Amino acid sequence: MTILSLGAGVQSSTLALMASYQELPVPDAAIFADTGWEPKAVYAWLDWLESYLAFPVYRVSRANIHKDLLARKNATDQRFASIPAYTWNGGMSRRQCTREYKIEPIIRKIRELGGGPKAPVEMWIGISQDEIRRMKPNRVKWIINRWPLIERRMNRQDCLRWMREYGFPEPAKSSCIGCPFHDNGYWRRLKERSPKEFAEAVEVDKAIRDIPGFDYEQYLHRSLIPLDEVDLRSEEDMGQGDMFDNECEGVCGMMCRTGLAPSDVLRLIDQTIGHALAQSEQEAK
């Protein structure tokens with residue numbers, strides 16, 4: 001059985017549509033783990049994907065992370081749902097949200113579909129070549145991760161190019177509205193284009209400030225300033241210009257960061273893919 005882990009962002013949507021156009025083998029199903037706090041644009045795109053794709057899409061959810069954060073509990077009504085918030089001592093709190101609200105619901109659904117130790121599953125992950133550092137085997141031994149975009153040496157821009165060629169719009173960024181990993185550009189656009197969703201993030205930012213059992217104050221923004229007080233202006237707005245708007249990606253980006261020749265970068269990518277697949281298959285035995 002082959003399952004696509006569908007985040008409904010650019011990369012995983014490209015995988016799904018390429019399969020529907022038979023540029024990739026058609027998976028048995030796609031699974032979208034719903035935290036309950038994605039942008040409205042993501043849900044609208046997902047609705048369309050469900051009606052268009054040539055294979056079923058299952059939505060799974062354990063709880064609503066937005067409501068849980070405000071209530072200071074986790075998906076099982078116990079302790080606080082720990083997100084990677086920035087702490088006053090210069091660190092970050094433990095990240096448990098991905099496993100509780102995404103990974104565990106997906107695994108539970110895969111079991112319902114018949115996957116398990118006696119029926120190993122191939123899991124497609126929408127990671128592109130410019131995110132190669134994120135490749136890693138699945139912790140579940142009977143799930144073997146695959147990264148079709150990296151195998152085809154496609155980066156994010158290649159995905160966008162493919163979607164434009166087929167007449168598809170660029171999907172919205174798929175992530176929780178209040179994820180601490182967002183940069184100023186995201187926060188600024190959210191504040192300008194979706195004030196209601198930005199207000200939800202501000203509400204959570206205030207709710208996590210003083211959590212029982214935590215030694216330090218927590219913030220959604222890396223500056224350790226309340227989100228509604230952060231200066232979100234761009235460098236251009238402040239008259240400094242934007243020197244890094246056209247940052248390299250994919251092989252070019254790896255050349256810039258490592259100093260390797262193109263052939264060496266491609267060989268490194270092939271070695272990384274081979275090692276990751278071999279490790280996944282070994283752990284599945």
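The values are calculated or read from the model by the stated rules, or taken from the named source; none is laboratory data. Given the structure is predicted, the values throughout are model-derived calculations rather than measurements. Because the Cβ atoms are built from the backbone with ideal geometry, glycine has one as well, and the counts that use them run over all protein chains shown.
Where helices (runs of 4 or more DSSP H) sit wholly within segment 1-80, those with at least 1 residues that are of a type outside the set (A, V, I, L, M, F, W, C), in contact with a strand residue (DSSP E or B) (Cβ under 6 Å, 6 or more places away or on another chain) and closer than 27 Å to L190 by Cβ occupy 40-52. Suppose we filter segment 85-130 for residues that are crowded, with 16+ Cβ neighbours inside 10 Å and free of Cβ contacts under 8 Å to residues at least 12 places away in the same chain; how many remain? Selection size over segment 85-130: 0. Taking segment 174-195 on its own, how many of its residues are more than 17 Å from the chain's Cα centre (by Cα) and of a type in the set (D, E)? Here the count works out to 1.
If you go through segment 29-47 one residue at a time, do you hit one that is without any contact (Cβ under 8 Å) to a residue 24 or more places away in the chain and under 25 Å from V121 (Cβ atoms)? Scanning segment 29-47 turns up no residue that is without any contact (Cβ under 8 Å) to a residue 24 or more places away in the chain and under 25 Å from V121 (Cβ atoms).
For segment 192-211, filtered to residues that are hydrophobic (A, V, I, L, M, F, W, C) and assigned to a loop (DSSP other than H, G, I, E, B), the residue that is surrounded by the most Cβ atoms within 10 Å (Cβ to Cβ) is I208. The listed residues are I127, I103, and the only one of them that is at pLDDT 95 or above and outside any loop (DSSP other than H, G, I, E, B) turns out to be I103. Which residue is surrounded by the most Cβ atoms within 10 Å (Cβ to Cβ), if the candidates are limited to segment 1-13 and must be more than 18 Å from Y166 (Cα to Cα) and among the polar types (S, T, N, Q)? Going through the qualifying residues, I end up with S5. Within segment 154-177, is even one residue more than 30 Å from E23 (Cβ to Cβ) and either modelled with pLDDT under 95 or in a loop (DSSP other than H, G, I, E, B) (or both)? Yes: segment 154-177 contains one or more residues that are more than 30 Å from E23 (Cβ to Cβ) and either modelled with pLDDT under 95 or in a loop (DSSP other than H, G, I, E, B) (or both). Being over 16 Å from the mean Cα position of the chain (by Cα), among the acidic types (D, E), farther than 27 Å from D158 by Cβ and buried (at least 19 other Cβ atoms within 10 Å of the Cβ) is a condition met by no residue of segment 14-37.
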